[in-house]
Amino acid sequence: MRYRETKLGQKSLIVFYYLLPPITALLVVLVIWEICIRIWNTPIYIAPSPTAVFNRIFTDPIFFLSHGSVTLGEAMSGFILGATTAFLAALLMAHARFLERLLLPIAILIKVTPIVAVAPMFVIWFGFGMLPKVLIVGLITFFPVLINAIAGLKSVNSDTLDLFHSVNASNKEIFLKLRIPNALPYLFAAFRISIPLSVIGAVVGEWFSGDKGLGSVIMIAHSNLDMPTLFAAIIILGLTGIILTFISSYFESKLLFWSDTG
Amino acid sequence: MSESLFHISVNELSHLFKTDHGNLNAIVNININVAHGEFISVIGPSGCGKTTLLKCISGLINPTNGYVLIDGSEVRESIQEKSIGIVFQDPCLLPWKTVIQNVELLATLNGQNNTSSLAVATLDSVGLTEFKDYYPFQLSGGMKQRVSLARALCLQPSVLLMDEPLGSLDELTRSNLRHELTNLWESTRKTIVLVTHSIYEAVLLSDRIVVMSKRPGSIVGELDIELERPRKGTIEESKEFQIYVRMIKELLTLDSSDEI
C-alpha cells in the first residue's frame, strides 16, 4: 500500500516537473502573441492571432490531415530509404578500409552540397510525384546515419574482439553478435538528427513540385497572403517532428535499456 | 600429444611492434615451460610486455620470433582445437546480453553443443546462479569479473590465461576472488598462466612465478613457491609467505637498479 502511494506520488511529481514547465511556457507564448495581435490590431495578412490559426485548423481538419499525411509519408519513406542505404554502406565501409577510402569522399560531397540546390534537378529527373521528394529526404537523412553507423560498427572493445578471435569466430559472427548490436545506440543518436531532417527534406521537395503536402500548402498560402493557413501548416509540421522524435525515443529506451548513452 | 612433457612451451619468443615512431621491442627471448596443471604467474613492471606475452601464448598475436607450443603443437593449431580460455582485466561482457547469454555465447561460437547446461554449471561454480537473468549493468565489478571467468570456463579449456583479472577491483572483492581462484584451481587443476603486477597475488596463487624486466621484457628470474596447499586465508601471515614476497621484490628492484 505504501509502495503504491509513493509510486503514485512519483508519477504526479514527474508530470509536475517535466510536463508542466514546457506546457506553461507554450501557453504564455500563445497568450502574449494573442494579446500583441489584438493591441496593435495587426492585419491578418501580416500575422494571424493564435485563435485565428486554430480556427483555421479546426474548420477544415481534413484538409490539413490529408496534406500532412502526404508529407509524413514522403518523410518516412525517404528516411527509411536513406537510413537503410546508409547502414548498408556503413557495413561495407566498416568491413573493408579500402571501401571506406573509396566511398566516404562521395558521401561527404553529398553532405556538403546544399539540398535546396539539388532539389530542382530532381524534379526534372523524377517528375512531380512522390519519387523526387522521397529521394531528397533519402539524400538528406543519409549522412548522419552513415557516419554514426561506421563509428558504432568500429568502436568495439579490442579485448572483446580478441575474445571473439580466440574462439575463431567468423567475420559474419563478429558483425552479427558484436559490431551490429554495438552500433545500435549510435544509430538511434543519428535518428535524432535524421528524423527532423526528413521533414525538412519533404517540405523542400514539395516547394519545387506538385500540389500535395504541407510544403505546397505553404507555397500556395504564401502567394495568396493566407497567413492563417500558412501558420497552421507550420504548426502541424512542428508537431509532426516532435511526435516522430518521441516515437524514436520510445523505441530507443525500449530497445537500448542496457545502453548508458540513452 | 598429451605425452609431451610440458603443457605450454614458450620458445625464444620475441615480439616487435612496428609503430609510427619506429620499432618497439616488447619482449625479447622469452623461454617458459609450464607443466600440466601448473599455476604460473608472470610478474613485472607495467609496460614490460606481459600482455604481449600472454597474447602470443593465446595465439592472438603472431610473434616476430620464436614459437609457442601447447601440448606439443603450434598454438595456432590449438586455437583450432579451442582449448584456451582467456580472462582480461576488463570483463568484456556484452551489455545487451544477460549473464547466462554472455557465458554461453563464446562456447556457442566455439561450436560446442548443449552449452546451456554447461553455462548453468559454470555460473554455479562462480556463485552467480541466481543472477543468471541479470544484465551486466545490474552487476557489481566483482560479479562481472566472475561472469567473465565463468565464460572462460564454459569453453572447457585445458589452459586458462588471465591478464590482471583482479586489477580493477576493490581490495575486499579482490581478496575474496583470490581465494576463490585458489579454490577453483585446487579443485580443477587446470593449467593457468596469470599476468599480474601484484606480488602478493602472485605468491598466494602460484606454483611458480616468472619475473620479467622492464621493456624490452625478458625474464630476470623464476621462483618456485612451495607453500602447502590448500592455501588458506591465514597463509599470508606466515613467515615463508613474507620471505617469498621479499624475494620477488628483490628480483624486481634488481632489474630496475641495473638499468640506472
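The values are calculated or read from the model by the stated rules, or taken from the named source; none is laboratory data. As the structure is a prediction and not an experimental result, all values here were calculated from the model. Cβ sites come from the backbone with ideal geometry, for glycine too, and all protein chains shown count toward neighbours.
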Inset, instruction - Would you check if B:Thr51 is under 23 Å from A:Ser158 (Cα atoms) and crowded, with 16+ Cβ neighbours inside 10 Å? - result: yes
Legend entry - Test: residue in the stretch B:148-155 that is modelled with pLDDT of 90 or more, assigned to a helix (DSSP H, G or I) and farther than 25 Å from B:Glu38 by Cβ: no
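Residue by residue, here is whether (1) modelled with pLDDT under 90; (2) polar (S, T, N, Q) holds:
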| position | (1), (2) |
| --- | --- |
| A:Ser69 | no, yes |
| A:Leu81 | no, no |
| A:Leu88 | no, no |
| A:Thr113 | yes, yes |
| A:Lys133 | no, no |
| A:Leu139 | no, no |
| A:Leu146 | no, no |
| A:Lys154 | no, no |
Inset, instruction - Residue by residue through the stretch A:152-162, note down the ones that are away from chain B (no Cβ under 13 Å) and either basic (Lys, Arg) or over 19 Å from A:Trp258 (Cα atoms) (or both). - result: A:Lys154
Inset, instruction - Answer yes if at least one residue in the stretch B:22-40 is within 14 Å of another protein chain (Cβ to nearest Cβ), in contact (Cβ under 8 Å) with a residue 24 or more places away in the chain, out of contact with any Leu (no Cβ under 9 Å at 6 or more places or on another chain) and of a type in the set (A, V, I, L, M), and no otherwise. - result: no
Legend entry - Test for A:Ala96: is it without any contact (Cβ under 8 Å) to a residue 60 or more places away in the chain, over 13 Å from A:Phe143 (Cα atoms) and among the aliphatic types (A, V, I, L, M): yes
Legend entry - Qualifying residues in the stretch B:133-147 (those that are assigned to a loop (DSSP other than H, G, I, E, B) and crowded, with 17+ Cβ neighbours inside 10 Å) - the one farthest from the other protein chains (Cβ to nearest Cβ): B:Leu139
Legend entry - Residue in the stretch A:222-258 that is farthest from the other protein chains (Cβ to nearest Cβ), counting only those that are buried (at least 19 other Cβ atoms within 10 Å of the Cβ) and of a type in the set (Gly, Ala, Ser): A:Ala232
Legend entry - Selected residue [within 20 Å of the chain's Cα centre (by Cα), surrounded by fewer than 23 Cβ atoms within 10 Å (Cβ to Cβ), among the hydrophobic types (A, V, I, L, M, F, W, C) and within 14 Å of another protein chain (Cβ to nearest Cβ)] from B:Ile61, B:Ile70: B:Ile61
Inset, instruction - Of all residues in the stretch B:96-130, count the ones that are under 26 Å from A:Glu252 (Cβ atoms) and either touching a residue at least 24 places away in the same chain (Cβ under 8 Å) or touching a Pro at 6+ places or on another chain (Cβ under 6 Å) (or both). - result: 7
Legend entry - Elements of type helices (runs of 4 or more DSSP H) contained in the stretch B:158-260, each with 2 or more residues being modelled with pLDDT of 85 or more and closer than 25 Å to B:Lys144 by Cβ: B:171-188, B:199-205
Inset, instruction - Six or more apart or on different chains, Cβ under 8 Å: which pairs go from a residue in the stretch A:163-189 that's within 11 Å of chain B (Cβ to nearest Cβ) to one that's surrounded by fewer than 17 Cβ atoms within 10 Å (Cβ to Cβ) and part of a helix (DSSP H, G or I)? Could you list them? - result: A:Phe164/A:Glu173; A:Asn168/B:Gln80; A:Ile174/A:Leu161; A:Leu178/A:Leu161; A:Leu184/A:Leu255
Legend entry - B:Leu205 vs. criteria closer than 17 Å to B:Lys50 by Cα and either within 14 Å of chain A (Cβ to nearest Cβ) or surrounded by 14 or more Cβ atoms within 10 Å (Cβ to Cβ) (or both): no
Inset, instruction - Determine if the stretch B:86-93 includes at least one residue that is within 9 Å of another protein chain (Cβ to nearest Cβ), farther than 19 Å from B:Leu194 by Cα and part of a helix (DSSP H, G or I). - result: no
Inset, instruction - List every residue pair whose Cβ atoms sit under 6 Å apart, with the two residues 6 or more apart in sequence or on different chains, where the first one lies in the stretch B:217-230 and is of a type outside the set (Lys, Arg) and the second, anywhere, is part of a loop (DSSP other than H, G, I, E, B). - result: B:Gly217/B:Cys48; B:Gly217/B:Gly49; B:Val220/B:Ser213; B:Ile225/B:Ser206
Legend entry - When residues of the stretch B:4-19 are limited to those that are over 20 Å from the mean Cα position of the chain (by Cα) and of a type outside the set (D, E, K, R), the one farthest from B:Asn31 (Cα to Cα): B:Thr19
Legend entry - Criterion (out of contact with any Phe, Trp or Tyr (no Cβ under 8 Å at 6 or more places or on another chain), free of Cβ contacts under 8 Å to residues at least 12 places away in the same chain and surrounded by fewer than 24 Cβ atoms within 10 Å (Cβ to Cβ)) met by exactly one of B:Ser158, B:Ser238, B:Ser213: B:Ser238
Inset, instruction - Might you let me know whether the stretch B:78-89 holds any residue that is of a type in the set (A, V, I, L, M), more than 21 Å from the chain's Cα centre (by Cα) and surrounded by fewer than 21 Cβ atoms within 10 Å (Cβ to Cβ)? - result: no
Legend entry - First in the stretch A:62-91 and charged (D, E, K, R), second anywhere and surrounded by 21 or more Cβ atoms within 10 Å (Cβ to Cβ), Cβ under 7 Å, 6 or more apart: A:Glu74/A:Lys133; A:Glu74/A:Val134; A:Glu74/A:Val137; A:Glu74/A:Ala202; A:Glu74/A:Gly205; A:Glu74/A:Gly213
Legend entry - Subset of the stretch B:94-106 that is part of a loop (DSSP other than H, G, I, E, B) and within 8 Å of chain A (Cβ to nearest Cβ) - its residue that is surrounded by the fewest Cβ atoms within 10 Å (Cβ to Cβ): B:Pro95
